[in-house]
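The block underneath contains the structure these notes are about, expressed in structure tokens.
The values are calculated or read from the model by the stated rules, or taken from the named source; none is laboratory data. These figures come from a predicted structure and were not determined experimentally. A quick note on method: Cβ atoms are made from the backbone with ideal geometry, for glycine too, and the neighbour counts reach across all protein chains shown.
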Amino acid sequence: MATDSPRSGTRDHLFLLTPLFPDAKLGPGLYHCSECAQIEGLLSFFPFLRSRIDVSYVDFPRPRSAVVPLVGPENQGCPVLVLGAGSTAPAGAKVGPSGLAFVSGAVAISEYLAAGHGISRPH
């Protein structure tokens, strides 16, 4: 894990849900976030990304204490990528209470990683 984080503003920081979580609203059984799984697949295609960005796993129940201070309670859904202070925010990025820009959702995160970290674009 890198020593820099969005709190220090130097690296992009990706938040994913830890898989195998219960959800009482959906009934018995364990679940995973399909968009987080898509991003996990992307990280397996391009393992060098893990050396360029911080990746954290957060539990399903809200509030997600690691995410809320960065993006606000209304944006704590995962996956979410908080951009480092030196990163160029794409069109459509929001700015959280931390003052840092962020992008949400598998497609937006994939597009950002393609533009900012040199991987292929989603098709």
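Quick rundown of the values:
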read-out	value
Every pair of residues 6+ apart whose Cβ atoms lie under 6 Å, when the first sits in the stretch 69-91 and is on the phi > 0 side of the Ramachandran plot while the second is of a type outside the set (G, A, S)	G72/P97
Failed condition for L30, given (1) farther than 20 Å from G96 by Cβ; (2) aliphatic (A, V, I, L, M); (3) touching a strand residue (DSSP E or B) at 6+ places or on another chain (Cβ under 9 Å); (4) in contact (Cβ under 8 Å) with a residue 12 or more places away in the chain	(4)
Out of L43, L70, L81, L14, sole residue that is modelled with pLDDT of 95 or more, under 19 Å from A115 (Cβ atoms) and in a helix (DSSP H, G or I)	L43
Subset of the stretch 84-123 [part of a loop (DSSP other than H, G, I, E, B) and within 16 Å of A66 (Cα to Cα)]	G84, G96, P97, S98, G99, L100
Residue count for the stretch 92-123, restricted to those that are surrounded by 17 or more Cβ atoms within 10 Å (Cβ to Cβ), within 16 Å of C36 (Cα to Cα) and hydrophobic (A, V, I, L, M, F, W, C)	6
